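The values are calculated or read from the model by the stated rules, or taken from the named source; none is laboratory data. This is a predicted model, so every value here is computed, not measured. Don't worry about glycine lacking a Cβ; one is built from the backbone with ideal geometry, like all the others, and counts go over all protein chains shown. Remember, those area values only see protein heavy atoms, side chains included, never the ligands or the DNA or RNA. Shrake-Rupley method; radii C 1.70, N 1.55, O 1.52, S 1.80 Å.
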Amino acid sequence: MDLKEQINLEKIPRHVAIIMDGNGRWACHRGKDRNFGHEHGVSSVRETVEAAADIGVEYLTFFAFSTENWDRPQTEVNTLMELLVKAIRDETPELNEKGVRLMAIGDLAALPEQCRKELNEAIALTAHNTRLTVVMALSYSSRWEIINATKQIAAKICSGELNPEDIDNEVFESHLGTTGIPDPDLLIRTSGELRVSNFLLWQIAYSELYFPCVLWPDFRKKHFYQAIIDYQKRERRFGRIPQPQC
Ligand code: IPE
Ligand code: IPE
Ligand code: MG
């Protein structure tokens, strides 16, 4: 049976987050520069967006560039920023046609001017779309996001706008970049690495984790559907006992 047909459309994760990893190794295996891998990773993003939209995923978050990735060689950072601008230019019209809304989280002020400008234009253009929301995590790290939220909350306490006793999950979440976005139901990291590398640490508290060995530039719809099928076999308990009880 076709993989897609094995998916239970009643149990689609609302939010899938993806750590796109393995571009450098993919290029290295072919005797090429790391940037060759980054270039090929763009088509995997396109396929994943299509696959997610097809089965009714509501939110798809991509970890595209971490705060720590600024420490890579300048030439690689430059290529990644150029690729981002090119991908926004090339992909936005079709995303818009397909009803995809684009959002971004992270320290966007750290991005090069041109990148920020084109990103903001694409976000504004697609703001009213409702089929699927694609969230790009750019210059993002979870610790940065949590510290940023803490600073905002501290400032509100200092000004008397907020009482320390009133801080709860809801108040804290309302100061994160992901405000209004449900927590990921499923987190996928490609390339076989078994770590989360400072991604959505608060939000993945109860996410199901999936670590396929496929390198990101080889990731295709079938890999996404495999992840969804695996997710649908899991029992999410949120600290409760199994249902039905054994
Ligand atoms: C992921 O691939 C892309 C980014 C982190 C921007 P990598 O560049 O980390 O590839 P590997 O892990 O070195 O193979
Ligand atoms: C995580 O991958 C960041 C992104 C995918 C953007 P890395 O390749 O940077 O993570 P580490 O260094 O292997 O933990
Ligand atoms: Mg990596």
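Does the stretch 182-203 hold any residues that are away from ligand 3 (no atom under 16 Å from the Cβ) and open to solvent by less than 20 Å² (accessible area, probe 1.4 Å), and which are they? Selection gives Pro184, Leu186, Leu200, Gln203.
Of all residues being open to solvent by less than 50 Å² (accessible area, probe 1.4 Å) and in a loop (DSSP other than H, G, I, E, B) in the stretch 162-175, which is nearest to Trp26 (Cα to Cα)? Just the residue, please. So the residue we want is His175.
Matching residues to (1) at pLDDT 95 or above; (2) under 30 Å from Ile147 (Cβ atoms); (3) away from ligand 1 (no atom under 13 Å from the Cβ):
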| residue | (1), (2), (3) |
| --- | --- |
| His15 | yes, yes, yes |
| Gly24 | yes, yes, no |
| Arg46 | yes, no, yes |
| Ala64 | yes, yes, no |
| Trp70 | yes, yes, no |
| Gln74 | yes, yes, yes |
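Ile146 passes every criterion in (1) in a strand (DSSP E or B); (2) touching a residue at least 40 places away in the same chain (Cβ under 8 Å) apart from (1). Per the listing Arg25, Arg72, Arg14, the residue uniquely touching a residue at least 24 places away in the same chain (Cβ under 8 Å), within 16 Å of ligand 2 (Cβ to nearest atom) and more than 15 Å from Ala122 (Cβ to Cβ) is Arg25. Exactly one residue out of Arg143, Arg195 is under 24 Å from Glu68 (Cα atoms) and either in contact with a Lys or Arg (Cβ under 8 Å, 6 or more places away or on another chain) or modelled with pLDDT under 95 (or both): that is Arg195. Checked across the stretch 114-133, the condition of being within 22 Å of Leu95 (Cβ to Cβ) and in a strand (DSSP E or B) holds for at least one residue. Within the stretch 31-54, the set of residues being touching a Lys or Arg at 6+ places or on another chain (Cβ under 9 Å) and among the β-branched types (Val, Ile, Thr) comprises Val42, Thr48, Val49.
One line per residue, one yes/no per condition, for (1) away from ligand 2 (no atom under 16 Å from the Cβ); (2) part of a helix (DSSP H, G or I); (3) small (Gly, Ala, Ser); (4) more than 16 Å from the chain's Cα centre (by Cα):
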{"site": "Gly160", "(1), (2), (3), (4)": "yes, no, yes, yes"}
{"site": "Gly177", "(1), (2), (3), (4)": "no, no, yes, no"}
{"site": "Leu194", "(1), (2), (3), (4)": "no, no, no, yes"}
{"site": "Ala205", "(1), (2), (3), (4)": "yes, no, yes, no"}
{"site": "Phe224", "(1), (2), (3), (4)": "yes, yes, no, no"}
{"site": "Ile228", "(1), (2), (3), (4)": "yes, yes, no, no"}
{"site": "Arg240", "(1), (2), (3), (4)": "yes, no, no, yes"}
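Is it true that Thr79 is within 16 Å of ligand 3 (Cβ to nearest atom) and under 13 Å from Glu39 (Cα atoms)? Judged against the criteria, Thr79 is a match.
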